[in-house]
Amino acid sequence: MLTKMAPFIWKNIWRNKRRSILIILGIAVAVFVYAALNAAVNGLTFPIKGTASSQILNVREAGRAQVLASKLPEIYVDRVRAIDGVQAAAGVLTDIAIVGTARVHIFLRGVQPDEYRLVEDFIVDDIAWENFRSDRRAILIGHRLQSQLGWNIGDQIDLGALGIRAVIAGIVPPQGVDLENHLLIHQGYFQNNRGLEGQISYIVVRPAPSASPSELRQLIDDAFAYSPITTETASAQEFAEEIVNDFLDFLVYLKVMGVIAVLITMLAAANGLAMSVRERTREIGMLKAIGFTPSLICGMVLAESLLLAIVGGFVGLGFAWTIVGTGGTAMEVLALDRNILTVGAALALGVGILGGIVPAINAARLKTIDCLHVVG
Amino acid sequence: MSRDLVVQASGLTKTYHKGDIAITPVDGADIDVAAGELVAIMGPSGSGKSTLLHLLGGLDKPDQGSCSIGGTDITSMSERQLCDFRATNIGFVFQVFNLIPVLTARENIDLPLRLLSLSRERRQQQTEAALELVGLADRADHLPAQLSGGEEQRVAIARALATDPKVILADEPTGNLDEDSGQLVMDILQTLTRDYGKTIVVVTHDSQKAGYADRVLFVHKGRLVTERPGSVREVA
């Protein structure tokens, strides 16, 4: 029956064009905000998470909320390496640089090349690797930095804020451990430039095949339990997530703002629909008088709401997709995946249902005779 | 006159409460309307004539009494059953037309037909026939705002008769119209009964308009007090 009323429902939607367009735009903005924020979170967290393995362990200074604040003596690496069950260990000094007008985030890892290659399974061609390990001012970059910043092999880069000048020796492709927007730099050179000789941020540990990572975590932390600087060991996956949480807390607030935007939109949509129903009270009475059942009236109002939400969701997601697809370098950090699109569409439908259900039920419950007595 | 009764109501009573005050606009009304009759219900403002019409149409429920349309008792029906029943058995014409402003005349007439299990072709035929009957075939694609008041009411009449209901109930159908338009509307209602055998009950406070009816029922304080035959039709 509802499908028979489709032309009527469609015309009802455009009865008050301005209001309908505002509702659609509201939903579109809310869905866009949701999609863009989540795409940004995805874009910034995936590169970190993508590099992490649940088998690899990371050791950092205990009690440090932020990994940048973690300071471990470089000599800890040898002590970790000596622990039974450790196959390989490598110290990493880390920092972040923000580059260019696009404000691309670069995660620097100061590593000793031969040590580090034993713990991380990234792929790089032999020439690039040899160039990197033989030149202390050479760096390897994740493929995203190439696409985001246009960097290429042989380019000399200047990270002025960190006092670093380096030459790109190679680009690490997404196959294997994906470095994304990370950069590998010689630890010694990095330490000298930062005045941090003998210091690292954390240690990457590859457990022996026979070792249990969870038991090894405990063994490592126990080994430093009575040292001046105690340690906290977690899987690289957990560690990466902590980095994400530490550095990108603000995105959580942005996500909260996105949720608030969606809620406000929902209230505005509901109010718009409620107004639309109130204005049509007499008309609803007439429809009931000529045989429209309460459930049909309810369905029609809900269908109006859903159609507005679908159009709004389509516009919002389409806009987000367009920006991510054509935004250029500045938007490379966004990662709009199928999951975000699905949740965004579900969100729009949710706004349509939740925003429309109360006006729809109210319309269905209106007494025919009371509606017909409404003046105006 | 045939005694094939389309509307049969007896002892209809309706009381409303406003605070401590009880108002009984319809108080034990009995009314029978035969097939093909045009019956006018007259009375002063507040006499209960519109409430009586609403009870006859199942728009409101009586506190006492019963009402049958085409032999079916509607007083015990649920809201849902009443809606379904009205869709096929009762047509309504209101004083304020109540057309959907975003739909054309044709679409407004088609609206109640969409509730029925009719093919598109059948709906189109019935819509066009109704438009022809009220003389608005050439205005079919106009929106209500592009029609005069009289034309709007004629569309409303066409909408009411498009489903070929057992009875059409018209509540002050000329109340918002000028004299000429009002007479035209009454002419149409009279033609529908005289030439097409439709059964129509009209509420009016205008004695001249009531004169178009076969019978005129007078309501006073919720009761039907007198009845007289109509005049214009006899003259005509």
**OP:** Find the residue count for the range B:131-162, including only residues that are closer than 23 Å to B:A213 by Cβ and outside any helix (DSSP H, G or I).
**Re:** 2
Original post:
So which residues in the range B:42-68 are of a type in the set (A, V, I, L, M), closer than 24 Å to A:L287 by Cα and touching a helix residue (DSSP H, G or I) at 6+ places or on another chain (Cβ under 9 Å)?
Top reply: B:L59
**OP:** Evaluate the range B:40-56: report whether one residue or more is at the interface with another protein chain (Cβ under 10 Å from one of its Cβ atoms) and touching a His at 6+ places or on another chain (Cβ under 7 Å).
**Re:** no
Original post:
Among all residue pairs at least 6 apart or on different chains, which show Cβ distances below 8 Å where the first residue, located in the range B:144-164, is within 13 Å of another protein chain (Cβ to nearest Cβ) and the second is of a type in the set (D, E)?
Top reply: B:P144/B:E152; B:A162/B:D110
Subject >> Given (1) surrounded by fewer than 16 Cβ atoms within 10 Å (Cβ to Cβ); (2) modelled with pLDDT under 85; (3) not hydroxyl-bearing (S, T, Y), index of the condition A:V67 fails >> reply: (1)
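Results for (1) in a loop (DSSP other than H, G, I, E, B); (2) without any contact (Cβ under 8 Å) to a residue 60 or more places away in the chain; (3) within 26 Å of A:G195 (Cα to Cα); (4) among the polar types (S, T, N, Q), shown as yes or no for each residue.
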{"position": "A:V124", "(1), (2), (3), (4)": "yes, yes, no, no"}
{"position": "A:R133", "(1), (2), (3), (4)": "no, yes, yes, no"}
{"position": "A:R136", "(1), (2), (3), (4)": "yes, yes, yes, no"}
{"position": "A:L140", "(1), (2), (3), (4)": "no, yes, yes, no"}
{"position": "A:W151", "(1), (2), (3), (4)": "yes, yes, no, no"}
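Okay, residues lined up against (1) over 20 Å from A:A89 (Cβ atoms); (2) modelled with pLDDT of 90 or more:
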site	(1), (2)
A:G150	yes, no
A:I157	yes, no
A:I168	yes, yes
A:L184	no, yes
A:Q187	no, yes
A:F190	no, yes
A:G198	no, yes
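The values are calculated or read from the model by the stated rules, or taken from the named source; none is laboratory data. Just so we're clear, the structure is a prediction, and the values are computed from it rather than from any experiment. When we count neighbours, we look across all protein chains shown, and the Cβ atoms used for this are built from the backbone with ideal geometry, even at glycine.
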